[in-house]
Amino acid sequence: MRAVGLGRFVMVAVLALSSGLTSGCAAVFRSSAPPVQFESDPDGAQIFLKEVPQGQPTPAVIQVPRAGTTYVAVTKPGYADHRSVVKKSKNGAWLTWDILTCAIPVLLCIPLIADGASGAWNNVERVHHAKLEPLGPGGPNYGARLPPGMPVGAGASPSASSNTAPPRPEMSESERKATARAAFLEGVELADKGDCTHAIGRFEIAQRLFDAPTHLQHLADCQVSVGKLIEAQENYETLAHANLSPQAPDAFKQAQESGRQSLAALRQRIPTMRIQINPSPSTLRNLVVQINGKVMPTDLIGIARPVNPGTYRVVTQATGYKTTQREIVLVEGDTKTLEVQLTR
């Protein structure tokens with residue numbers, strides 16, 4: 001009986017050693033691809049890992065391999081692409097354990113080599129946050145497109161639309177197209193009733209599921225109707241520069257031509273706002289300018305910025321000066337300058 005028990009113990013030990021030798025000690029106890037929470041400001045952005053589109057917009061939980069460098073691109077129409085890497089760091093405890101167990105016989109050093117190659121020592125950040133910066137005509141990265149390899153609808157090239165979303169893995173291509181068509185038709189019905197505020201959401205869903213010039217045209221048309229001229233211009237630009245194949249449906253070609261005409265007319269309607277500050281910003285310490293509660297980069301002071309029509313509340317602060325609050329109202333076609341005089 002003792003011999004049988006000893007034999008079973010030896011067998012279990014051999015199996016455990018074999019597992020550790022082939023996969024590494026840390027790899028046996030740690031997931032090779034832990035979950036990471038991807039967030040963005042604003043939400044609803046698309047995620048690409050190593051240029052591969054993921055199936056869900058932010059916020060989303062996605063497994064990230066411990067090994068290697070994981071490049072991230074977070075994209076959203078109207079915003080500059082956020083490109084970075086998932087942060088990883090060595091886990092000292094597991095590294096030390098593998099080193100201490102690497103002794104005679106030399107066979108025990110195999111886990112050390114395996115864990116190093118597989119990245120099992122690495123800790124991976126639990127939350128990856130992307131701050132997306134708004135784009136505007138003439139601004140940095142204006143017209144930027146999504147990473148290569150992004151799937152698009154029939155008749156368009158991979159760089160044709162920054163509104164395209166990767167297909168959802170839980171949906172077949174037929175299901176995606178059918179759902180996109182249903183969302184689009186609901187959007188058209190809402191727009192026909194004068195409810196472009198809710199129609200925009202339907203058109204955005206349709207475009208995320210399937211890239212189509214007709215989706216972009218109706219989306220931009222509705223954005224114009226509710227005063228989102230900057231967003232509409234971005235979508236018209238995308239539509240106008242889409243590379244349609246000769247086999248593209250006539251509806252796609254007509255939508256593109258309509259978008260080009262609308263873009264030319266829209267450019268004249270977008271107001272611009274310039275903020276001037278006295279004393280000169282270069283002489284001020286800790287200067288902060290907020291527009292409707294959002295901080296404006298100081299290097300944009302003095303530049304005529306395209307903005308949507310509306311009322312803008314400008315709060316200016318600087319060390320040694322009183323906080324100044326001003327308002328400016330812009331309507332379509334306006335070109336205005338707001339003079340801010342700081343006083344001690």
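The values are calculated or read from the model by the stated rules, or taken from the named source; none is laboratory data. Owing to the predicted nature of the structure, the values given are computational and were not obtained by experimental measurement. Cβ: placed from backbone, ideal geometry, glycine included. Neighbour counts: every protein chain shown. With ligands, DNA and RNA removed, areas are computed over all heavy atoms of the protein, side chains included. Shrake-Rupley method; radii C 1.70, N 1.55, O 1.52, S 1.80 Å.
How do the helices (runs of 4 or more DSSP H) wholly within the range 193-288 filter down when requiring 3 or more residues that are of a type in the set (Val, Ile, Thr) and under 26 Å from the mean Cα position of the chain (by Cα): which remain?
Values: elements: 196-209, 213-225, 229-240, 250-267.
It comes to 196-209.
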- Scanning the range 289-344 for residues that are under 27 Å from the mean Cα position of the chain (by Cα), open to solvent by 70 Å² or more (accessible area, probe 1.4 Å) and among the aliphatic types (A, V, I, L, M), which turns out modelled with the lowest pLDDT? Val295
- Across the range 258-287, the tally of residues that are out of contact with any Phe, Trp or Tyr (no Cβ under 7 Å at 6 or more places or on another chain), aliphatic (A, V, I, L, M) and either touching a residue at least 60 places away in the same chain (Cβ under 8 Å) or under 14 Å from Val340 (Cβ atoms) (or both) stands at 5
- Task: Go through the range 289-312 and give me each residue that's assigned to a loop (DSSP other than H, G, I, E, B) and among the hydrophobic types (A, V, I, L, M, F, W, C).
- Result: Ile301, Ile303, Ala304, Val307
- Filter result (in contact with a Gly (Cβ under 8 Å, 6 or more places away or on another chain) and of a type outside the set (D, E, K, R)) within the range 288-306: Pro306
- Task: For Arg285, work out the one condition from (1) farther than 20 Å from Gly227 by Cα; (2) touching a Gly at 6+ places or on another chain (Cβ under 9 Å); (3) crowded, with 16+ Cβ neighbours inside 10 Å it doesn't fulfil.
- Result: (3)
- Message: If Ala183 satisfies all but one of (1) modelled with pLDDT of 90 or more; (2) closer than 30 Å to Thr70 by Cβ, what's the number of the condition it fails?
- Response: (2)
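For (1) at pLDDT below 90; (2) not acidic (Asp, Glu), each residue gets a yes or a no:
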residue: Ile200; (1), (2): no, yes
residue: Leu219; (1), (2): no, yes
residue: Ser225; (1), (2): no, yes
residue: Glu234; (1), (2): no, no
residue: Ala248; (1), (2): yes, yes
residue: Glu257; (1), (2): no, no
residue: Ile270; (1), (2): no, yes
- Task: Count, please, the residues in the range 218-245 that happen to be open to solvent by less than 30 Å² (accessible area, probe 1.4 Å) and of a type outside the set (A, V, I, L, M).
- Result: 9
- Message: Which pairs turn up if I take residues in the range 288-311 that are farther than 15 Å from Glu327 by Cβ and in contact (Cβ under 8 Å) with a residue 40 or more places away in the chain and look for partners that are assigned to a loop (DSSP other than H, G, I, E, B) and β-branched (Val, Ile, Thr) with beta carbon separation below 7 Å, at least 6 apart in sequence or on another chain?
- Response: Pro306/Ile270
- Message: For the list (1) among the aliphatic types (A, V, I, L, M); (2) surrounded by 14 or more Cβ atoms within 10 Å (Cβ to Cβ); (3) modelled with pLDDT of 90 or more, I need the number of the one condition that Leu132 fails.
- Response: (3)
